Amino acid sequence: MSLNVVYTEANVCNFVEAISQLTDDRDNRGKRHALAFVVAGVVLAILSGRSTVSSIFRYLRNRIEWLREVTQHPKAGVVSRAHLPRLLARVDWVELNTLIDQHFGVQVELSATHDWVAIDGKVLRGTLASGDKQSVVFAVSHASRTLLAQAPMHGSKASEIPVVRDLLKQSQLEAHKVTLDAHHCNPHTTAQIHQAGGQYVIQIKGNQPLLLTQCQQVAATAVPLGSHAECEKGHGRLTTREGQCFGINALNVAPRWSDSGVHTLVVMKRHTLTLATQKTTCETAYYISNQGLSTDPQAQAMELTGAIRQHWHVESDNWIRDVTLDEDNVKTKSANQAQGMGCLRSLALRLLRRFNVNNFQEALEDFADCPSRFEALLRRVKFL
């Protein structure tokens with residue numbers, strides 16, 4: 001995704017017309033189904049609560065007359081159950097993702113905010129049985145929980161590190177405020193963000209044992225410059241979180257961290273009381289940041305601890321994909337099909353947020369039961 005050119009909804013056609021620009025390398029003599037119609041139909045099926053290929057096929061078959069009308073494809077036929085996954089596998093992921101970004105103005109949203117952005121990966125578990133493990137890396141705004149960028153990934157967890165670096169560079173998120181988990185706590189990634197003028201908060205664990213030990217020593221001996229505590233009650237638990245900020249710019253870190261601008265250590269202590277059993281658990285986590293020490297350490301502690309807490313919004317989005325959109329139960333045999341359907345689920349989630357619905361499951365059921373309201377919302381966001 002490029003942020004150099006700004007696209008707005010006013011200067012592009014509706015999305016169904018836009019996806020007619022997708023490359024279709026099929027022989028014209030054998031084309032029976034317009035790729036744009038199939039892609040649009042799959043998105044509408046997902047938004048109506050369908051998840052697996054079989055259930056999407058039945059939706060396309062049973063709602064064919066309505067789909068022809070709303071997509072302006074009056075001659076569209078019903079694609080067979082066997083042919084549907086093969087068609088989806090032919091969709092170019094990069095082209096599709098670019099069209100989605102351009103049409104729905106993600107660049108405008110990203111350039112207009114100075115909010116923190118969470119980056120994390122998610123495995124497409126429906127690909128595990130075939131032995132071709134596919135995953136997706138997401139960048140999600142903390143405040144609005146809007147999907148700002150995504151990138152496909154395949155292979156082991158280690159493959160996520162270079163994919164995230166490329167995503168940071170291509171989306172220009174490396175110049176923004178970014179939160180990452182401990183898997184990405186390495187000098188290459190932190191230096192990339194710091195040198196680009198961005199800010200990071202990254203958890204540090206045993207994968208960086210020397211730096212972790214140094215941070216633990218600072219937390220045990222130094223006086224915090226700022227702190228922030230909060231308490232919440234829910235799900236049968238009473239949880240107290242306290243974040244403390246320490247200055248570590250003078251810490252004698254290994255030379256390989258010299259370009260990362262490590263300035264601040266954030267120590268998060270969480271005490272959880274399970275109300276039914278009165279059992280208490282205590283956890284301590286350590287985070288490093290290149291954010292320089294401010295003149296108001298209390299406000300800085302509030303910002304950094306808030307960024308750490310909000311990072312897990314990307315995890316809650318993963319939960320929505322798994323539970324509401326049933327992503328984990330979608331079995332696929334082709335890597336391209338898995339990534340393509342994942343991209344369309346991301347579009348469905350983005351549309352749900354644009355519809356300003358509070359209960360996603362309720363919205364999917366309403367869309368299935370009330371096509372007229374569904375159509376009106378789709379036209380409002382210029383999907384149709």
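Quick note: the coordinates plus some simple rules give every number you see, no bench work behind them. The model shown is predicted, which means the values in this text are computed figures rather than measured ones. Every residue, glycine as well, gets a Cβ built from its backbone with ideal geometry; the counts of neighbours run over all protein chains shown.
General remarks:
- Using all pairs of distinct alpha-carbon atoms, the Kirkwood hydrodynamic radius of the stretch 145-217 works out to 13.1 angstrom.
- Computed over the chain, the range of Cα coordinates on each principal axis works out to 74, 48, 43 Å, biggest value leading.
- Percentage of interatomic Cα-Cα distances in the stretch 66-225 larger than 26 Å: 44 percent
- Environment charge of residue 36, counting only residues whose C-beta is closer than 9 Å and scoring Lys/Arg +1, Asp/Glu -1: -2
- Degrees between helix 335-354 axis and first principal axis of the chain (Cα, 0 to 90, nearest 10): 80 degrees
- If both residues of a DSSP beta bridge must be in the chain, then about 90% of such bridges are antiparallel.
- 0 to 90° range, to nearest 10: angle between helix 297-310 axis and the chain longest Cα axis: 40 degrees
- Here the 3J(HN,Hα) profile of the stretch 90-98, calculated from phi with Karplus coefficients 6.51, -1.76 and 1.60 at θ = phi - 60°, is 8, 6, 6, 4, 5, 4, 4, 5, 5 Hz, Gly and Pro shown as x.
- The reciprocal of the average 1/r between distinct C-alpha atoms defines the Kirkwood hydrodynamic radius, which for the stretch 231-384 equals 19.9 Å.
- Rounded to the nearest 5, the antiparallel percentage of DSSP beta bridges internal to the stretch 179-260 is 80%.
- Against the empirical 2.2 N^0.38 Å (N residues), the stretch 229-277 has a Cα radius of gyration ratio of 1.75.
- Couplings 3J(HN,Hα) of the stretch 152-169, computed from phi: x, 8, 9, x, 6, 4, 4, 5, 5, 4, x, 5, 5, 4, 5, 5, 4, 6 Hz, in residue order, whole Hz [Karplus 6.51 cos²θ - 1.76 cosθ + 1.60, θ = phi - 60°; x for Gly and Pro].
- Per-residue ³J(HN,Hα) for the stretch 372-379, Karplus 6.51 cos²θ - 1.76 cosθ + 1.60, θ = phi - 60°, Hz, x for Gly and Pro: 5, 5, 4, 4, 4, 5, 5, 6
- Fraction of alpha-carbon pairs over 18 Å apart in the stretch 201-322 - percent: 57 percent
- Residues with amide H under 5 Å from that of residue 116, placed H, sequence gap 5 or more: 142, 143
- Kirkwood hydrodynamic radius over Cα pairs of the stretch 307-379, then Stokes diffusion coefficient at 10 °C and 1.306 mPa s, in µm²/s: 116 µm²/s
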